[in-house]
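A short write-up of the structure that comes next.
The values are calculated or read from the model by the stated rules, or taken from the named source; none is laboratory data. Owing to the predicted nature of the structure, the values given are computational and were not obtained by experimental measurement. Cβ placement follows ideal geometry from the backbone for every residue including glycine, while neighbour counts extend to all protein chains displayed.
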Amino acid sequence: MPIPLIGKLALGVTLATVVVMKDGLIEVNVQEHHKGGDHVHLYLPATVATWGVHLAPQEKLREHLRNHRGDLGIARAALRELEKLPDAALVEVDSPKEHVHVNVRNGNLLVDVEDPGETVHVSMPIRAARKVVEDLERDAPAA
Amino acid sequence: MPASQTKRTVWLAALAIAATALLLAVLLRAAPVAQAAQAAPGATAPAQTSSNSSAERWLHVAVDCKNENGERVRVNLPISLARTVLASIQKGKLDHGIVHVENARMNDVDVRALLKAVKAAQDGEYVTVEGKDTNVRVRKQGNMFLIHVEDKTGKHIKLDRHHESSGPENVDIRVPIEVADALFSGAPDELNVGAALDLLSRHDHLELVSVQDSENNVRVWIDTKTTQD
């Protein structure tokens, strides 16, 4: 029995959604406080970040990675450990004018910065970040 | 197209959409749960994270400034994270948890011999310096080195527009002898920070550093909690 077109579409949408959502979402929210300041709030599937590694201009990427292979190893080690953590407030800096908070919650690394100029919130799935770093490290040529 | 076939197509489409919705709902609900479970095998709920029963030790730093800005800093770091990151760094004077010290002679004091001697000695106060501005006391108590420094000169700080404060500075440092031993366990020009961290992580609760003066309160300690409450 042939599958109707709408069924194929639904199946395609489902598969695409599963592929895109499997690594979670990256959230970036930047609000500038000055008059006419921008407000950028976007959600990106973390899978896009892993694809981005392969879509970036390879020549420039390899050159950049050549110089930072050691840093990638450190980032990978840190992310692997962060991945194991329960929910926790890692850093809290509070003053009357500024607040910086770094938290781990449900496998996401949350960074919140609030100062008189802007409010920034970034949420990133640690697992996806680790995968990106591992991909970059694998692609990095020896120094 | 006959009516029966159209009807069947509509039913199939509706079934496909329903299945899609169900699959998405299951996947989207399961993903965060699976991630959380993978990230924290021992954590069942956020409320329980303040009393972590696992073996993980956390290094805590608390800084409270009493000046007009009143900054407050809290850092909570699992020792395993610090240990792993330190072990992965091979840059400059850092080499997989070992710090190379250029002037390792430390004014010709053989720290290792000193440590060995103090370790074998009885409890007591080994160094007492009483000066006009500073008092320093170093003593051994059980398996601990206790260092107390009192700076009597104090600092003047501005609390707000109308008030100033001044007072002595007290620094207390507690170091387990085995940790100091591990720190100096390598070559003469090396500090084995990784080994020291390993031994620190065996302590359930340990007050390491306390600094109190008119400007700041600083506290560094280790325990099994993820928070400072």
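When you scan the stretch B:66-87, how many residues do you find that are modelled with pLDDT of 90 or more and facing chain A (nearest Cβ under 8 Å)? Walk me through how you get there before you give the answer.
Initial filter on the stretch B:66-87 (modelled with pLDDT of 90 or more): B:71-87.
Subsequent filtering for residues that are facing chain A (nearest Cβ under 8 Å) retains B:71-78, B:80-81, B:84-85, B:87.
Qualifying residue count for the region: 13.
Listed here are the residues, each with its yes/no results for (1) β-branched (Val, Ile, Thr); (2) buried (at least 16 other Cβ atoms within 10 Å of the Cβ).
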| residue | (1), (2) |
| --- | --- |
| B:Ser88 | no, yes |
| B:Val118 | yes, yes |
| B:Tyr126 | no, no |
| B:Val129 | yes, no |
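Going by what's in this entry, would B:Gly142 be described as on the phi > 0 side of the Ramachandran plot, under 26 Å from the mean Cα position of the chain (by Cα) and surrounded by 15 or more Cβ atoms within 10 Å (Cβ to Cβ)? Step through it out loud before you land on a result.
On the way: on the phi > 0 side of the Ramachandran plot: yes; under 26 Å from the mean Cα position of the chain (by Cα): yes; surrounded by 15 or more Cβ atoms within 10 Å (Cβ to Cβ): no.
Spelling it out, it is not the case that B:Gly142 is on the phi > 0 side of the Ramachandran plot, under 26 Å from the mean Cα position of the chain (by Cα) and surrounded by 15 or more Cβ atoms within 10 Å (Cβ to Cβ).
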